[in-house]
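Contents: one structure, followed by commentary.
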Amino acid sequence: MTLKQLQVFMAVADTHSFSKGGEVVSLAQSTASQHIRALEDELGARLFDRSASHVTLTEAGRLFYEHAARICALCREAKDAVRRFQGLEQATLRVGASTIPAACLIPDLLGSFSTARPGVRLEVVQGDTREVIRLLQDEKIELAVVGGQFDADTICYQEVGAERIRLVALPGVLPEPLVTIQQLQEMPLLLREPGSGTRLAVDGALQKSGFDLHSMRVVAQLGSSEALRRAVLSGAGCAFLSALAVGRELADGTLTAVDIAGIEISRSFYLAWRRGRSLSPAAEVFMEAVRQRVTY
């Protein structure tokens, strides 16, 4: 059974004529008759009572007509949905984002993006970088904005920006404006979990400088930048945090930041998608919005 056979069947039933029904679907009468015969053979039932000048539906034909009408309507709806999707008139885009992109980057661009593309509904799933990449691999999201790279064999990455990571604490806790590696070893540190982009950048920069990560005095390991920020504000210790995450506190003096002698910590932001997968039009326009918004 084919969609064309159903369309011919509907046209013949509606016009009560093989010739007129054929014209509706741009087929000759003989071809339309062949489609109906093939359909009747497959169903094992006669769908039309035929006369010299008129055709009418049999009881089986009337029963079949109800189902054929629904199938044809659903096919039209499916085509219309794809056309709207391709034209960005109606599309849902599921995006994964690690902590800072989810909290800062995406909200900052959402206003202009929604104004420019009102037909695109954005659904953002947040997690650390490793979790988001896993969602991408499982195809639960189509696109991601993350602060690190994992599994480059299956995931494509495009760098779109960078930020600085600062060592922050309450005023008076840190010896300003510079600390040494030796001083860092004595400080009560609050850290992100190993799967986060911030933690990857911090560990990588410290190891590159020859710092022994096991020598750190770790007070707590927390699962988000917001949790770290609040813990630092409570006086629990100092933490490596994105400058974006604590920009307001640094500006108003609620927190202070210092540099580490000989070490500068920064990390890049990446757009990520499954290797070998074609991206939807909605994903393409969102990627362009991210590229234009995120700067170094």
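The values are calculated or read from the model by the stated rules, or taken from the named source; none is laboratory data. Everything numeric in this text was worked out from a predicted model, so none of it was measured. Here the Cβ positions follow ideal geometry from the backbone for every residue, glycine too, while neighbour counts run over all protein chains shown.
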Selection from segment 170-184 of residues surrounded by 14 or more Cβ atoms within 10 Å (Cβ to Cβ) and closer than 19 Å to Asp203 by Cα yields Val179, Ile181, Gln183, Leu184
Those residues of segment 1-32 which are over 15 Å from Gly61 (Cα atoms) and either touching a strand residue (DSSP E or B) at 6+ places or on another chain (Cβ under 7 Å) or not in a loop (DSSP other than H, G, I, E, B) (or both) amount to Leu3, Lys4, Ser19, Lys20, Gly21, Gly22, Glu23, Val24, Gln29, Ser30, Thr31, Ala32
Over segment 152-207, the set of residues farther than 23 Å from Ala231 by Cα and charged (D, E, K, R) is Asp153, Glu159
The condition of being out of contact with any strand residue (DSSP E or B) (no Cβ under 6 Å at 6 or more places or on another chain), modelled with pLDDT of 90 or more and either on the phi > 0 side of the Ramachandran plot or surrounded by 16 or more Cβ atoms within 10 Å (Cβ to Cβ) (or both) holds, among Gly276, Gly253, Gly262, Gly237, only for Gly253
Boolean, Thr115 is in contact with a His (Cβ under 9 Å, 6 or more places away or on another chain) and either under 28 Å from Leu228 (Cα atoms) or loosely packed, with under 15 Cβ neighbours inside 10 Å (or both) = no
Among Gly148, Gly172, the single one that is over 27 Å from Gly253 (Cβ atoms) and of a type in the set (Gly, Ala, Ser) is Gly148
Going through segment 1-55 in order, the residues found to be within 22 Å of Leu74 (Cα to Cα) and aromatic (Phe, Trp, Tyr) are Phe9
query = over 23 Å from Glu159 (Cβ atoms), touching a Gly at 6+ places or on another chain (Cβ under 9 Å) and surrounded by fewer than 17 Cβ atoms within 10 Å (Cβ to Cβ), is that true of Arg217?
reply = yes
Tyr157 fails exactly one of (1) closer than 19 Å to Ala257 by Cβ; (2) assigned to a strand (DSSP E or B); (3) not aliphatic (A, V, I, L, M), namely (1)
Original post:
Is one or more of the residues making up segment 135-157 in the same structural domain as Leu255 (by TED's automatic domain parsing), over 17 Å from Leu105 (Cβ atoms) and at pLDDT below 90?
Top reply: no
The correct count of residues that are free of Cβ contacts under 8 Å to residues at least 40 places away in the same chain and either touching a Pro at 6+ places or on another chain (Cβ under 8 Å) or crowded, with 18+ Cβ neighbours inside 10 Å (or both) in segment 136-162 is 1
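Out of the residues in segment 53-88 meeting the condition of being in a loop (DSSP other than H, G, I, E, B) and out of contact with any Lys or Arg (no Cβ under 8 Å at 6 or more places or on another chain), tell me which one is modelled with the highest pLDDT.
Among those residues, the one meeting the criterion is His54.
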Residues in segment 89-104 that are outside any strand (DSSP E or B), more than 16 Å from Trp273 (Cα to Cα) and not β-branched (Val, Ile, Thr) total 5
